[in-house]
Every structure is written in structure tokens, then in C-alpha cells.
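> Right, I'll just put the structure down here and ask away after.
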Amino acid sequence: MSQSQPRLVLVLLLIALLAGFAGLAFSGASWSPFNLDASADQGSRGSTGPDVYLFDLYEIQRWGRVGDITSFSFGTESCNQGDTPVKWIENTPEHPVISQELYRLHDGRFEQIGLSWVKHGFASLNEDQCGNCTHNNSSELGPGCSDPYSAGLNGFQLSLGPRSEINAFTGDFPYPPGGGIAFGTLPRRLQVHTNDLDPAQYPGARYFAQGYYINADDVAAGNALNNASHREVTVSGTYPDLFLNLSSTTQHFFPAIYAWRDIDPSVTIQPVKMPNEGYLILGYKVTDNMNGTWTYEYALHNHNSDLGARAFAVPIPQGVTVTDLGFHDVDHHSGEPYSGADWTTLTMQGHQVWATAAFSSNPNANALRWGTLYNFRFTADSPPAPANAVVGVFKPSNPDRVFVPAVAPQ
């Protein structure tokens, strides 16, 4: 996280990004068919076409620790709730890939602390864990059928490919995956800094595992927004040899950021429709510090956008004092090409801005890419009021920004 970025270049890029804020309306759209109520029953939505979703996160394997990093993998079971088989053809691009992520909720902050490369699927077993399965073609996941991948298979390094090869919006990826051969305790598996699990540093923290299936067949049918599910996990062991254990039950159809709102009713979840493309999700909350200041917390999750995000801005009225600026991201690893440089913070044109380099200057900048969640926070001496936050699009796009209903200092 120590790489530097040319401040002047960022300033010029952000001037272009922020120009024209005044008078522009929110350009987002409703999340269809995603129901914003995470408690709603989504089980009947994908009745037409192939519709794969993550039915269960059912086991955890701890592979070991090297230095300050521990690697894990989760067992995942998928189901097809559609009326058409999902393609599951091994050794071709016509199969699902599965990513794994880990999040921590502590002291009102929901942060991503780990991610894996993607598991390339093969040979559907067509079991009946979620319906009446009568399908027997291993190159398809039949309607009402389930298919498990154990934690061992999801951590088997020769089946793991780079996240950077996946277009989560279209479901497309090259095959065979890049990366070559990898061995050892950590490479490609879900990696988390052991300090991020330490009960002494994060007393009372709660943790959430997420699995996410991406399949082009499912995307083409319009059924891809329900493919991420999450489950709470607990930490055991004695630092630094810590373990993850399953808790509660798998929460279907919703990425893990919804757990933040489920636990804390003061959190608001707002979908962010990217221009002619996929979705981000913005979660936010404001805490009254009871001393004339308020803490503003924003978590921006990229659900399935290939465009990605390179900037986040919040309006700050004249006369408001902002302190304790913060930013948090998650580490890519195992040879992924992306920069790890923290986003630069700037105050300009009445906005507090966090930003990374533009795509034109560095295609491998630390953009908010699919399956990742970044945090932005500050303290202000003014209470919240409705306002439009701004998300700057990373890859070339017209428009190059999206306005999102949120809150900001009055």
C-alpha cells in the first residue's frame, strides 16, 4: 500500500470528474430484479431460463499461516432455480467460476478483509439438495438440481484462475485461465491478514463469508443478480493460529454487505446502477458522537460491474470542518496485476474526494473492481442531510460518473 501516485495528475483528472456537479440529477436506477428488502423471498424470481445461485456455504478449510497471512477456502453448493439447465462444460469457457470473500463488522464499520482467486467449475453432479432433480448430464446443472464443491476443491490451486480475467457483467472469461502452476500454503486461496482476525484487536467483531457464482449462461438469461450469498463465521484458536468456524445459516441471494444492515438498522443500502452496465452497492451510516461532531461511514461494494469505480465524492458545505479522513481496501494477491496504492484524498469544488489514477494513465490502478468493497469515512461538525454522493467510473464510459442518493453534512 506504499506506492505513490502523481498528485498533479490526480488533481487534473478530478477537476474533469467533478466539473458540472451542480444541477445534475441522480442518474441511477432501481435494482431490478433485486429486491432491496434483504428479508424478501427471492426464491421464485428465476423461473425462466437458467438461474444458478449459491445455496450453501457448508464447510471451511484452513490451509495454514505464513507470516501475517492465513489462507482459507469455503465449500459451496449451488442450485439451479430456473426452468432450463445451466451450462457446466469443463475445459471450455461455458462453466461457472466461483469467488470467495471475507468481511468484518466491528465498531460500526463493515470492511472486506480477504478474497480469493476464482474456482473454475467442472462436472455437475446434479444432486437434489434444493429440489427434485432428475437431470443426469454432467455438462449441465439441471432445473431443481444442486452441485457441491468441497472446501478442498475450492482451494485446489490448479483449478483457481485470476479474478482479473473475469468480466462479471457478461460472465465471459478466457479458458484455460492464466497464472501457470502454483503450490504452497497461500497462493490463490482466500487470504486474510491474521491481525484482521485477532480478537484482542477487534473485540466483539463479527465475520461474514461470501461466495459468488458467475456464469455467462445465467447472465444472458437475466438471472445473474442473485448469485452471491453469505454466511456468518466465527473466529477460534489462539493468536496467531486462528481458525474460522461456520455460524448461523447461509443467507441466499444477497452479497455480504446486506449483513451490515441486517445487524444495524441505522445502515442504509443503496444500489448504484453503472452506465449501461452492472451494479455497485453503497452502504452508509452516520453516528452522532454527542460532542457536536458526527462520524460518516460509507462502504462501496462492486457487485458485478466491469467498468469499476475510480473515485468517490461527498459534498461538504462551506464552513463545515472535516477531520479523521479514512480509507480501507482489500489486497489483491498471487500475481494479480493491480496496484495496491491507497486512494488519494482531496478537497475540491465543495466535495471531499477519494480517488485512484484514471484508466487512461494506469489500466491496473487500484480501482474498485467486481467482488471488492472499499470504505470511505470522516468526522464533521455538522449533522447529516440528504445529498448526492458521486461515483467516478474507472473504465471509459459516457457518462463518466453516477450520482447516488446518500447523506452528507448539512
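Taken together, the values in this text are just the output of simple stated rules run on the coordinates, not laboratory data. Nothing here was measured: the structure is a model prediction, and the numbers come from that model. No Cβ is skipped: glycine too gets one built from the backbone with ideal geometry, and neighbour counts run over all protein chains shown.
> Quick check: the angle from helix 7-18's long axis to the longest principal axis of the chain, C-alpha only, nearest 10 degrees?
The angle comes out at about 90 degrees.
> With charges only on Cβ, +1 for K and R and -1 for D and E, what is the dipole size of the range 54-114 about its Cα centre, in debye, rounded to 20?
240 debye
> What shape does the range 140-256 have by the C-alpha gyration tensor, where a ≥ b ≥ c are the square roots of the eigenvalues, rounded means a/c under 1.5, and otherwise prolate means a/b greater than b/c and oblate the rest? All intermediate terms of the calculation are to be shown ahead of the outcome.
Details: a/c = 2.22, a/b = 1.44, b/c = 1.54.
It is oblate, given that a/c is not under 1.5 and a/b is not larger than b/c.
> Can you compute the FRET efficiency between Val66 and Ser138 using 1/(1 + (r/R0)^6), with r the Cβ-Cβ distance and R0 = 35 Å? Round to the nearest 0.05.
Values: r = 36 Å, r/R0 = 1.04.
Here the calculated transfer efficiency is 0.45.
> Sticking with this structure for a sec: What order do you get for Ser248, Ser397 when you list them from fewest to most C-beta neighbours inside 10 Å?
Listed from fewest to most nearby Cβ atoms, that is Ser248, Ser397.
> Given the rule -39500 (n - 2.57) for each run of at least 4 DSSP H residues, summed and divided by the residues of the chain, what is its mean residue ellipticity at 222 nm, to the nearest 500 deg cm²/dmol?
Value at 222 nm, helices only, nearest 500: -1500 deg cm²/dmol.
> Treating only the Cβ of Lys, Arg, Asp and Glu as charged (+1, +1, -1, -1), what charge dipole size does the chain show about its Cα centre? Round to the nearest 20 debye.
Rounded to the nearest 20 debye, it is 920 debye.
> Now for a different question. Just one of [x] 34, 29, 20; [y] 30, 30, 19; [z] 34, 23, 21 is semi-axes √(5λ) of the Cα gyration tensor in Å calculated from these coordinates, so which is it?
Here semi-axes √(5λ) of the Cα gyration tensor in Å agrees with entry [z].
> Something else now. Looking at Ser124, Gly152, Asn289, which one has the Cα that reaches farthest to the positive end of the dipole of the chain (charges on Cβ: Lys, Arg +1; Asp, Glu -1)?
Asn289
> Grab the Cα-Cα distance for Thr249 and Ser360, subtract it from 0.36 nm times how many residues apart they are, and report the gain in nm with one decimal. Numbers along the way, then the final one.
On the way: separation 111, 0.36 × 111 = 39.96 nm, distance 4.36 nm.
Once the chain is fully extended between Thr249 and Ser360, it gains 35.6 nm.
> Assign unit charges at the C-beta atoms only (+1 for Lys and Arg, -1 for Asp and Glu), then state the dipole size of the range 41-256 relative to its Cα centre in Debye, rounded to the nearest 20.
It works out to roughly 540 debye.
> Shape call for the range 234-331 from the C-alpha gyration tensor, a ≥ b ≥ c root eigenvalues: rounded (a/c under 1.5), prolate (a/b greater than b/c) or oblate?
Working: a/c = 1.87, a/b = 1.23, b/c = 1.52.
Judged from the Cα gyration tensor, the range 234-331 comes out oblate (a/c at least 1.5, b/c at or above a/b).
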